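Note sheet for the following structure.
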Amino acid sequence: KKGEKLSKIDGNVEFRNISFSYPSRPEVLVLNNLNLNIKAGESIAIVGCSGSGKSSLIQLLQRFYDPQLGQVCLDGHDIKDLKLNWLRRQLGVVNQEPIL
């Protein structure tokens, strides 16, 4: 319940030096020193084979997990410093599913 709410959001998202593995398999790095800067208003596609980290990026942005190393930032603010339920209300996600 603690954390900051930003008064204004532009929508710039940045993954800074992200290294991540799931708690159930800590020896397997899903993301290794990833840097990705997505500017507000940009459309991007994240593609890759199964297990390449596509869904993991979204789960990190939604804070279902935190990276072992690095930062996920929204408009320059580390999302760990933002109020979790507020952050999730700012995001719209359509997950990858074989049948919608």
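Within the stretch 34-45, can one find any residue that is open to solvent by less than 70 Å² (accessible area, probe 1.4 Å) and among the polar types (S, T, N, Q)? No, the stretch 34-45 contains no residue that is open to solvent by less than 70 Å² (accessible area, probe 1.4 Å) and among the polar types (S, T, N, Q). Any idea how many residues of the stretch 43-100 are part of a strand (DSSP E or B), more than 15 Å from ASN32 (Cα to Cα) and under 9 Å from the mean Cα position of the chain (by Cα)? Count: 1.
Taking ALA40, is it in contact with a Gly (Cβ under 7 Å, 6 or more places away or on another chain) and in a loop (DSSP other than H, G, I, E, B)? Yes. Residues in the stretch 9-30 that are aliphatic (A, V, I, L, M) and under 21 Å from GLY76 (Cα atoms): ILE9, VAL13, ILE18. Selection of the stretch 7-25 for residues being open to solvent by less than 90 Å² (accessible area, probe 1.4 Å) and either polar (S, T, N, Q) or farther than 17 Å from GLY92 by Cα (or both) yields ASN12, PHE15, ARG16, ASN17, ILE18, SER19, PHE20, SER21, TYR22. In the stretch 45-84, which residues are of a type in the set (Phe, Trp, Tyr) and in contact (Cβ under 8 Å) with a residue 12 or more places away in the chain? Once the filter is applied, which keeps residues that are of a type in the set (Phe, Trp, Tyr) and in contact (Cβ under 8 Å) with a residue 12 or more places away in the chain, the stretch 45-84 yields only TYR65.
The values are calculated or read from the model by the stated rules, or taken from the named source; none is laboratory data. No experiment lies behind these values; they were computed from the predicted model shown. Virtual Cβ from ideal backbone geometry, glycine too; neighbours counted across all protein chains shown. Note: accessible area is taken over every heavy atom of the protein model, side chains too, but ligands, DNA and RNA are not part of it. Shrake-Rupley method; radii C 1.70, N 1.55, O 1.52, S 1.80 Å.
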